[in-house]
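Here the structure comes first, spelled out in structure tokens, and everything after it is commentary.
The values are calculated or read from the model by the stated rules, or taken from the named source; none is laboratory data. Keep in mind that this is a model prediction, so the values were computed, not measured. In this analysis, Cβ positions are derived from the backbone assuming ideal geometry, glycine residues included, and neighbour counts consider all displayed protein chains. Accessible surface areas use protein heavy atoms only, side chains included; no ligands, DNA or RNA. Shrake-Rupley method; radii C 1.70, N 1.55, O 1.52, S 1.80 Å.
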Amino acid sequence: HNMKKEAKKRLYESTLELLKESDYEDLTIGKICHNADVSRQAFYLHYRSKDEVLKEIYFNLLKLTYLDRIEDKDYIESDEFIMKVIDVYEAHATIFITLEKWHYQDFLSQEKQRILDEVSLREFDNPFIKKYFKYFLISFLTPLHYIMMGWLNGDKKESKQELQTIIKTFVYHK
């Protein structure tokens with residue numbers, strides 16, 4: 001069992017690594033396996049396709065970025081949170097850009113259940129957000145994501161401080 005978990009983790013990390021230096025189109029299951037030192041049969045025990053690995057990566061990035069302390073209203077309105085979002089997108093820029101091919105909205109609707117399961121266990125400061133979480137995603141996280149993607153796709157022209165002000169003004173209306 002432990003070996004199995006190890007193999008899956010290696011395949012996941014191998015994909016992450018390869019995505020930093022190559023395009024999605026050039027990424028093959030063969031390359032992922034070779035880099036992870038895992039057989040092709042082992043790959044298919046864990047994932048049906050390379051898309052499945054990427055969807056897991058995307059979900060984990062969104063979870064890390066947004067779902068971490070989503071129940072804490074003061075935190076998600078803080079400068080600390082905005083900076084964290086900026087840092088995560090910057091650190092994983094190539095991956096976010098690659099994953100853009102699955103339009104964020106489509107991805108969210110496909111993965112909605114996973115996201116809702118993730119948040120259903122949390123104790124929200126604001127029960128209203130918990131009750132209407134899918135609308136919260138649309139109204140808050142979606143514009144934040146699109147601003148971040150605009151920044152990455154525009155070669156990060158604005159400084160992080162400027163970006164923080166842009167987010168506060170257009171997303172938080174502060």
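Take the stretch 24-61 and flag every residue that is open to solvent by 30 Å² or more (accessible area, probe 1.4 Å), in a helix (DSSP H, G or I) and closer than 30 Å to Ile86 by Cβ.
Asn35, Lys50, Asp51, Glu52, Lys55, Glu56, Asn60
Limited to the stretch 154-165, what total is found for residues that are part of a helix (DSSP H, G or I) and under 24 Å from Lys63 (Cβ atoms)?
To start, the set of residues in the stretch 154-165 that are part of a helix (DSSP H, G or I) comprises 160-165.
Still in the running and under 24 Å from Lys63 (Cβ atoms): 160, 163-164.
So the count comes out to 3.
Helices (runs of 4 or more DSSP H) wholly in the stretch 62-146 with at least 1 residues that are touching a Leu at 6+ places or on another chain (Cβ under 9 Å) - which ones?
79-91, 93-99, 104-110, 112-120, 133-136
Please state which one of Trp151, Trp102 is of a type in the set (Phe, Trp, Tyr), at pLDDT 95 or above and under 23 Å from Ile57 (Cβ atoms).
Working: Trp102 fails: at pLDDT 95 or above.
Result of the check over Trp151, Trp102: Trp151.
Yes or no: the stretch 84-98 includes at least one residue that is at pLDDT 90 or above, more than 17 Å from Tyr58 (Cβ to Cβ) and open to solvent by 20 Å² or more (accessible area, probe 1.4 Å).
Yes, some residue in the stretch 84-98 is at pLDDT 90 or above, more than 17 Å from Tyr58 (Cβ to Cβ) and open to solvent by 20 Å² or more (accessible area, probe 1.4 Å).
Does Tyr75 count as open to solvent by less than 50 Å² (accessible area, probe 1.4 Å), out of contact with any strand residue (DSSP E or B) (no Cβ under 8 Å at 6 or more places or on another chain), aromatic (Phe, Trp, Tyr) and without any contact (Cβ under 8 Å) to a residue 40 or more places away in the chain? Talk me through it step by step, then tell me what you get.
Working: open to solvent by less than 50 Å² (accessible area, probe 1.4 Å): yes; out of contact with any strand residue (DSSP E or B) (no Cβ under 8 Å at 6 or more places or on another chain): yes; aromatic (Phe, Trp, Tyr): yes; without any contact (Cβ under 8 Å) to a residue 40 or more places away in the chain: yes.
It is true that Tyr75 is open to solvent by less than 50 Å² (accessible area, probe 1.4 Å), out of contact with any strand residue (DSSP E or B) (no Cβ under 8 Å at 6 or more places or on another chain), aromatic (Phe, Trp, Tyr) and without any contact (Cβ under 8 Å) to a residue 40 or more places away in the chain.
Which residues, taken from the stretch 137-171, are open to solvent by 30 Å² or more (accessible area, probe 1.4 Å) and of a type in the set (Phe, Trp, Tyr)? Give the derivation first.
To start, the set of residues in the stretch 137-171 that are open to solvent by 30 Å² or more (accessible area, probe 1.4 Å) comprises 138-139, 143, 146-147, 150, 153, 155-162, 165-166, 168-170.
Within the stretch 137-171, Tyr146, Phe170 meet the criteria.
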